[in-house]
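Chemist: Questions regarding the structure given below will be posed in turn.
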């Protein structure tokens, strides 16, 4: 089979590859421009320099960055859908010329589809969460590579505080004061450098912070990124661990963003109980659409529908702020 250009380490190389992919898919200049955009994103987000090294972990780094941009309002649903289509063209090209079997991406499955979304529960279960932590600790025991322990602490912080994966890695944990809130500032690399305060509500949150801080201080790390690695290198390590974990255990649906979903579900539930004394799950957890969920909440609380709607709105705003947003509509992705 003839060789095809694969290097994307600079703009000139990207132009060559984009042109080849557009020809491969029988698409024109407009499609070639979309391919260029995605190739640039892959290079910038993952440090990828050649499509010879494209794998599922690199693809997922890019997909989670798209999720963040969509949530933050930096991209529209139609734009992300187009990017996914362009990404699938790249995957087809790589599979053809490298004789690989990389999976094409479903925009709906990654909450990146245009228009109505299928709001499924995409949280990581407690069972899968614990299995991943156990797997990381076993990897440490067999290799004595402390990076596996650092990643385990990051995963705990994702689940306890709803942190994005990047935030959990870059959080300047060694210098944080552990009080009633976790302060996220621009040095912790939140999306759009937006600072926020996350209230510490339960003991497990404080325990996760203290454990991560003890590890970082004992090893002379400022964050949970190994001092000899860049953020891009660390992300490659972390996402490769997820891929290896899936293959080793059968937890095919595990992904970092699911820890954030689990946090949103837990926070919603605890806020309902704290505000009203009633135990009410969010719509996506109980698997109900709006009207059916309102009936469910009314039965659980004996409250009228208008009161339920108002409390639900207040709680969604708090969840949104805790996740690093100021828009209630974004909570539909997490809560239904």
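Chemist: Can you pull out the residues in the stretch 252-277 that are in a loop (DSSP other than H, G, I, E, B) and within 13 Å of the chain's Cα centre (by Cα)?
Modeler: Taking the stretch 252-277 and keeping what is in a loop (DSSP other than H, G, I, E, B), we get 252-255, 277.
Within the stretch 252-277, 253, 254, 255 meet the criteria.
Chemist: Follow-up. Taking helices (runs of 4 or more DSSP H) that fall entirely within the stretch 1-100, which contain at least 3 residues that are over 30 Å from residue 324 (Cβ atoms)? Reasoning before the result, please.
Modeler: Numbers: elements: 11-24, 29-46, 56-71, 77-98.
By residue number, 11-24, 29-46, 77-98.
Chemist: Another question about this same structure. Taking the condition of being surrounded by fewer than 16 Cβ atoms within 10 Å (Cβ to Cβ) and modelled with pLDDT under 95, how many residues in the stretch 207-239 meet it?
Modeler: Looking only at that region, the number is 4.
Chemist: With the checklist (1) at pLDDT 90 or above; (2) more than 21 Å from residue 96 (Cβ to Cβ) in hand, flag the one item residue 53 doesn't pass.
Modeler: For residue 53, the failing item is (2).
Chemist: List the number of the failed condition for residue 163; all other conditions in (1) within 19 Å of residue 211 (Cβ to Cβ); (2) under 18 Å from the mean Cα position of the chain (by Cα); (3) assigned to a helix (DSSP H, G or I) hold.
Modeler: Unmet condition: (3).
Chemist: Does residue 121 satisfy being touching a residue at least 40 places away in the same chain (Cβ under 8 Å), outside the structural domain of residue 41 (by TED's automatic domain parsing) and not in a helix (DSSP H, G or I)? Show your work before the answer.
Modeler: On the way: touching a residue at least 40 places away in the same chain (Cβ under 8 Å): yes; outside the structural domain of residue 41 (by TED's automatic domain parsing): yes; not in a helix (DSSP H, G or I): yes.
Yes, satisfied.
Chemist: Would you mind stating whether residue 221 is more than 21 Å from residue 266 (Cα to Cα), part of a helix (DSSP H, G or I) and in contact with a helix residue (DSSP H, G or I) (Cβ under 8 Å, 6 or more places away or on another chain)?
Modeler: Working: more than 21 Å from residue 266 (Cα to Cα): yes; part of a helix (DSSP H, G or I): no; in contact with a helix residue (DSSP H, G or I) (Cβ under 8 Å, 6 or more places away or on another chain): yes.
Taking the combined requirement at face value, the residue does not satisfy it.
Chemist: Out of (1) in a helix (DSSP H, G or I); (2) more than 19 Å from the chain's Cα centre (by Cα), what's the single condition that is false for residue 145?
Modeler: Among (1) in a helix (DSSP H, G or I); (2) more than 19 Å from the chain's Cα centre (by Cα), residue 145 violates only (1).
Chemist: Follow-up. Can you report the number of residues in the stretch 197-218 which are in contact (Cβ under 8 Å) with a residue 40 or more places away in the chain and assigned to a helix (DSSP H, G or I)? Walk me through it before giving the result.
Modeler: First, pick out the residues of the stretch 197-218 that are in contact (Cβ under 8 Å) with a residue 40 or more places away in the chain: 198-199, 201-202, 204-205, 208-209, 211-213, 215-217.
Next, from what is left, pick out any that are assigned to a helix (DSSP H, G or I): 204-205, 208-209, 211-213, 215-217.
Going through the stretch 197-218 one residue at a time, the tally reaches 10.
Chemist: Among the listed residues 160, 167, 156, identify the single one that is under 15 Å from residue 260 (Cβ atoms), touching a strand residue (DSSP E or B) at 6+ places or on another chain (Cβ under 8 Å) and assigned by TED's automatic domain parsing to the domain that holds residue 230. Steps first, answer last, please.
Modeler: On the way: 160 fails: touching a strand residue (DSSP E or B) at 6+ places or on another chain (Cβ under 8 Å); 156 fails: touching a strand residue (DSSP E or B) at 6+ places or on another chain (Cβ under 8 Å).
None of the other options fit; the residue is 167.
Chemist: Pull up the stretch 15-48, narrow it to residues that are under 21 Å from residue 233 (Cβ atoms) and surrounded by 15 or more Cβ atoms within 10 Å (Cβ to Cβ), then point me to the one that is modelled with the highest pLDDT. Walk me through how you get there before you give the answer.
Modeler: Here is the first cut: in the stretch 15-48, the residues under 21 Å from residue 233 (Cβ atoms) are 39-48.
Add one more test, that the residue is surrounded by 15 or more Cβ atoms within 10 Å (Cβ to Cβ), and what stays is 39, 41-43, 45-48.
Details: 39: 95, 41: 91, 42: 92, 43: 92, 45: 85, 46: 86, 47: 87, 48: 90.
My answer is 39.
Chemist: Tell me whether the stretch 181-196 contains one or more residues that are part of a helix (DSSP H, G or I), within 22 Å of residue 146 (Cβ to Cβ), in the same structural domain as residue 139 (by TED's automatic domain parsing) and in contact with a helix residue (DSSP H, G or I) (Cβ under 8 Å, 6 or more places away or on another chain). Working first, answer last.
Modeler: Residues of the stretch 181-196 that are part of a helix (DSSP H, G or I), as a first pass: 186-188, 191-193.
Going one step further and asking which of them are within 22 Å of residue 146 (Cβ to Cβ), we end up with 188.
Imposing the further condition that a residue be in the same structural domain as residue 139 (by TED's automatic domain parsing) reduces the set to 188.
Checking which are in contact with a helix residue (DSSP H, G or I) (Cβ under 8 Å, 6 or more places away or on another chain) leaves us with 188.
The answer is yes, given that some residue of the stretch 181-196 is part of a helix (DSSP H, G or I), within 22 Å of residue 146 (Cβ to Cβ), in the same structural domain as residue 139 (by TED's automatic domain parsing) and in contact with a helix residue (DSSP H, G or I) (Cβ under 8 Å, 6 or more places away or on another chain).
Chemist: Determine if the stretch 163-174 includes at least one residue that is over 30 Å from residue 88 (Cα atoms) and out of contact with any helix residue (DSSP H, G or I) (no Cβ under 6 Å at 6 or more places or on another chain).
Modeler: No: zero hits.
Chemist: So, one more: Pick from the stretch 76-120 the residues that are at pLDDT below 80 and buried (at least 17 other Cβ atoms within 10 Å of the Cβ): which of them is nearest to residue 255 (Cα to Cα)?
Modeler: 110
Chemist: Which condition does residue 280 not pass, out of (1) assigned to a helix (DSSP H, G or I); (2) assigned by TED's automatic domain parsing to the domain that holds residue 321, if it passes all the others?
Modeler: It is condition (1) that residue 280 fails.
The values are calculated or read from the model by the stated rules, or taken from the named source; none is laboratory data. In this text, all values refer to a predicted model and were calculated from it rather than measured experimentally. Because the Cβ atoms are built from the backbone with ideal geometry, glycine has one as well, and the counts that use them run over all protein chains shown.
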